[in-house]
1. Step by step: first the residues of region 48-65, then only those that are closer than 13 Å to residue 12 by Cβ and outside any strand (DSSP E or B), then the one that is modelled with the lowest pLDDT. Which residue is that?
2. Can you give me the ranges of the strands (runs of 3 or more DSSP E) entirely in region 77-172 with at least 1 residues that are surrounded by fewer than 21 Cβ atoms within 10 Å (Cβ to Cβ)?
3. Pick out the one residue from 42, 20 that is exposed (fewer than 13 other Cβ atoms within 10 Å of the Cβ) and at pLDDT 90 or above.
4. Just one of 37, 60, 17 is in contact with a strand residue (DSSP E or B) (Cβ under 7 Å, 6 or more places away or on another chain) and more than 20 Å from residue 92 (Cα to Cα); which is it?
5. Out of curiosity, is residue 26 in contact (Cβ under 8 Å) with a residue 40 or more places away in the chain, outside any strand (DSSP E or B) and out of contact with any strand residue (DSSP E or B) (no Cβ under 8 Å at 6 or more places or on another chain)?
């Protein structure tokens, strides 16, 4: 009972549960469900500051520990692993006439993330991009190209500064 009450209290579990309900409404209820999903997603913005289109986020283990100002949007984020997104992170698209962006937007995978990806506070990720496994993107960075090698990346645009990746920041299994 104590564990259940703790999960009800925790921000991360509330966000994940609300996103699951929104996705279920969008996919299982043809007309009214899409409207309900939109309203549920707006409650996430109102309650936690997370701007998201839930049915477009397909991440196995998403962690948003400080959700204020996080923009996941409706471009499509896909990951079969663990992803941590910190406060103020933004996933945005490029110019609306970019052909690769339009093609990936239709399939819902503008952002393909690997396992153990950490996106730092106030980082902007401009898609379409692929980020491989075991990547840490430092705070206030700009990711505008795909990241194909594990490591720690910082700067504008993000550059790899280390092959080493801190082991104490990963998303818990």
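The values are calculated or read from the model by the stated rules, or taken from the named source; none is laboratory data. Model, not experiment: these values are computed from the prediction. Here Cβ is always computed from backbone atoms with ideal geometry, including for glycine, and neighbour counts include all displayed protein chains.
1. Looking at the filtered set, the residue picked out is 65.
2. Working: elements: 77-85, 90-92, 111-113, 117-119, 124-126, 129-131, 135-137, 151-154, 159-162.
In region 77-172, 77-85, 90-92, 111-113, 124-126, 129-131, 151-154, 159-162 are the strands (runs of 3 or more DSSP E) which contain 1 or more residues that are surrounded by fewer than 21 Cβ atoms within 10 Å (Cβ to Cβ).
3. Details: 42 fails: exposed (fewer than 13 other Cβ atoms within 10 Å of the Cβ).
Result of the check over 42, 20: 20.
4. 60
5. Here the answer is no, as residue 26 does not meet what is asked.
Here is a yes/no grid of residues against (1) free of Cβ contacts under 8 Å to residues at least 40 places away in the same chain; (2) within 19 Å of residue 155 (Cα to Cα):
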{"residue": "83", "(1), (2)": "no, no"}
{"residue": "95", "(1), (2)": "yes, no"}
{"residue": "100", "(1), (2)": "yes, no"}
{"residue": "103", "(1), (2)": "yes, no"}
{"residue": "121", "(1), (2)": "no, yes"}
{"residue": "124", "(1), (2)": "yes, yes"}
